[in-house]
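Colleague: Mind looking over this structure? Questions follow.
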Amino acid sequence: MKTIYEELKSWAESHLKNSKYWPLATNNLFFDNSIRHPRAIVGLAEGDSWFDYEFISRFIHFDGPDLIGHLSRGGEFNILRLSFAGDTLQDMAGEQQLANVREVFDLMKKMDGWIGQERFRPRFVLLSGGGNDMSGNHGVRLTKFLTADGLDEATAFHAIDVEFRRHFDQLISNVRDVDTTVPIFLHGYAYPVPDGRGVRSPKLPIEFDFEGPWLKPAFDDHAIPAEDRYEIMIRLIDRFNSMLSRLAADYAEHDGRVHHVDLRASLPRPPYAGYEKDWINELHPTSEGFRKLAEVFRHSIRARLSSE
């Protein structure tokens, strides 16, 4: 006879087996932790590669856990991933993915009813998005933010402060449709390094990018000097974080449970000596870099949950 754990895992796998938003290679950890750490606080993560880099980090870079991987180890938190590397905010705000989040959230609440105790209902939600909208598709998306003189401020404002804000409002509203009080955590990344490195494996005898680079091609297309590229990315990330900070402040007036996690101080402003220890490529930290970022999330989640 199957245990309740095996029933739940089998149901979830069969229910979502044809969905790209169900990376079983990483979500096996969630089900394993549900037995190994039954008192762990359950969370739900929807987002892009910053919440879905475990496989690449471990088996292409031969490094270690990603951000969610670090957060899900140690027995304090147990996080189910609905994140998918390469997703844009527009993807996440599409009805297919909005419905998927609602369905899985409801499933996790039903799990508690089946076992007669609260173990699977998410106590917090993590959202990660915007990076691919600004820099995905081998630099094509970043190009629209640039001119020969540098950052196009008008384009950046409309994209981030209008379009991105609208998508985040949709994502937050979608979570509120299934849970009116669960804390929601947003982040605005750290400062990326536009040095032309993509997803590479140290096991290959030649440098070959499985994906990327994402930043350098756009800067090259506009002939922007190398010394200006770091500052442009800093300005973009600062604008993005400012928007998220204002969004969280606006929700504080009537919700109070939408939080902006500022990761910018966790890794130094580039360029700096030894940044390769923190960044594995232009957009993604090393496992050690992700560990530093996970600690910021850990403290923020702890603080918010303890205050409720």
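Every number here is computed from the coordinates shown, using simple stated rules; none is lab data. This one's a predicted model, so the numbers in the text were calculated from it and none came from an experiment. We place every Cβ from the backbone using ideal geometry, glycine too, and count neighbours over all the protein chains shown.
Colleague: For region 189-209, what are the residues that are of a type outside the set (S, T, Y) and within 14 Å of P285 (Cα to Cα)?
Modeller: Restricting attention to region 189-209, the residues satisfying the condition of being of a type outside the set (S, T, Y) are 190, 192-200, 202-209.
Residues satisfying the conditions are A190, P192, V193, P194, D195, R197, G198, V199, R200.
Colleague: Looking only at residues that are more than 15 Å from the chain's Cα centre (by Cα) and without any contact (Cβ under 8 Å) to a residue 60 or more places away in the chain in region 269-299, which one is surrounded by the most Cβ atoms within 10 Å (Cβ to Cβ)? Give the derivation first.
Modeller: Of the residues in region 269-299, the ones more than 15 Å from the chain's Cα centre (by Cα) are 269-282, 288, 299.
With without any contact (Cβ under 8 Å) to a residue 60 or more places away in the chain added as a condition, the list becomes 272-274, 276-278, 299.
Values: Y272: 11, A273: 7, G274: 7, E276: 13, K277: 12, D278: 20, H299: 11.
Here the answer is D278.
Colleague: Cβ-Cβ below 9 Å, separation at least six or inter-chain, first residue in region 153-167 and within 15 Å of R246 (Cα to Cα), second basic (K, R) and exposed (fewer than 15 other Cβ atoms within 10 Å of the Cβ): which pairs?
Modeller: Once the first residue is within 15 Å of R246 (Cα to Cα) and sits in region 153-167, its partners that are basic (K, R) and exposed (fewer than 15 other Cβ atoms within 10 Å of the Cβ) give D161/R246; R165/R246.
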